[in-house]
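The values are calculated or read from the model by the stated rules, or taken from the named source; none is laboratory data. Computed from a predicted model, the values in this text were never measured in an experiment. Cβ placement follows ideal geometry from the backbone for every residue including glycine, while neighbour counts extend to all protein chains displayed. Remember, those area values only see protein heavy atoms, side chains included, never the ligands or the DNA or RNA. Shrake-Rupley method; radii C 1.70, N 1.55, O 1.52, S 1.80 Å.
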Amino acid sequence: MATTTLGNKAVGSIIQLKENGKLVSFYVAKHNYENSLNGMGRTLVVRKDCYDTRQWHSSNVNAYASSAIDSWLNGTYKNLLDADIRGVIGTTKIKYTPGNGNNTVGTLRRAIFLLSATELNRSASWFNVEGTALEIASSLQIAYMNGSAVVQWTRSPLTGGTVSAVFLNTGGGVGGDGCTDTCGSRPAFTLRSYLLAPLLLHIKA
């Protein structure tokens, strides 16, 4: 296998990372992700399929930073990743809305996170602009799990209340649902662009 770096992989291509000992497909979603916050050289990867379906927040509060899904992503899910990958994820600054009545867009530092509705190229008057639309958003708008389309959560809260968050439905359309409802979880994180593919990544031909 020819040596290549993650940064040389085309946006939209597939890499495979070990998760719970098995290779799982991830999209290369954006190089230099949020470079005004993180500097240059971080590549966003997004799980091709949802991992499972789960509540956004067990207390039905749309505060992302203290949500059940955020805790799961950065705890249980992160620990499923191969130790070599966990060691190089670090943390990423993302644009987010605190929620629970605070609708001022700010930044949050996380290792693993959900995409925002904006990053999935969806907009509406009832949620904020958080970041910018990804070039491959059209490939991400419909999420699958076990071969079937599923509703997927975003990290975006509805700004008109304190109990709902934004999802994309099985057709890719945008909607809002109570945080205790169950939708697909789709992990995203960044890795250093200079990582050598043969060392950490299994590149799908």
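Of Leu200, Leu108, Leu140, Leu115, all but one fail to be modelled with pLDDT under 95 and closer than 24 Å to Leu81 by Cα; the exception is Leu200.
Does the stretch 134-147 contain any residue that is within 17 Å of Glu34 (Cβ to Cβ), without any contact (Cβ under 8 Å) to a residue 24 or more places away in the chain and not in a strand (DSSP E or B)? Checked against the condition, which is being within 17 Å of Glu34 (Cβ to Cβ), without any contact (Cβ under 8 Å) to a residue 24 or more places away in the chain and not in a strand (DSSP E or B), the stretch 134-147 yields at least one hit. For the stretch 115-127, the criterion of a residue being under 26 Å from Lys18 (Cβ atoms) and either touching a Phe, Trp or Tyr at 6+ places or on another chain (Cβ under 6 Å) or among the polar types (S, T, N, Q) (or both) is satisfied by no position.
For Arg122, state whether it is outside any loop (DSSP other than H, G, I, E, B), of a type in the set (Lys, Arg), at pLDDT 95 or above and within 17 Å of the chain's Cα centre (by Cα). Spelling it out, it is not the case that Arg122 is outside any loop (DSSP other than H, G, I, E, B), of a type in the set (Lys, Arg), at pLDDT 95 or above and within 17 Å of the chain's Cα centre (by Cα).
Only residues that are open to solvent by 40 Å² or more (accessible area, probe 1.4 Å), at pLDDT 95 or above and of a type in the set (A, V, I, L, M, F, W, C) were counted in the stretch 81-105, giving 1.
Scanning the stretch 73-88 for residues that are under 13 Å from the mean Cα position of the chain (by Cα) and in contact (Cβ under 8 Å) with a residue 60 or more places away in the chain, we see that the one that is farthest from Ser164 (Cα to Cα) is Tyr77. Filtering the stretch 155-179 to residues that are of a type in the set (D, E, K, R) and open to solvent by less than 20 Å² (accessible area, probe 1.4 Å) leaves only Arg155. Sub-7 Å Cβ pairs linking a first residue in the stretch 32-58 that is acidic (Asp, Glu) to a second residue that is at pLDDT 95 or above and open to solvent by less than 10 Å² (accessible area, probe 1.4 Å), at least 6 apart or interchain, are Glu34/Ile94; Asp49/Ala143; Asp52/Ser185, ordered by first then second residue.
Here Asp177 fulfils each of the conditions (1) more than 27 Å from Leu6 (Cβ to Cβ); (2) charged (D, E, K, R); (3) not in a strand (DSSP E or B) apart from (3).
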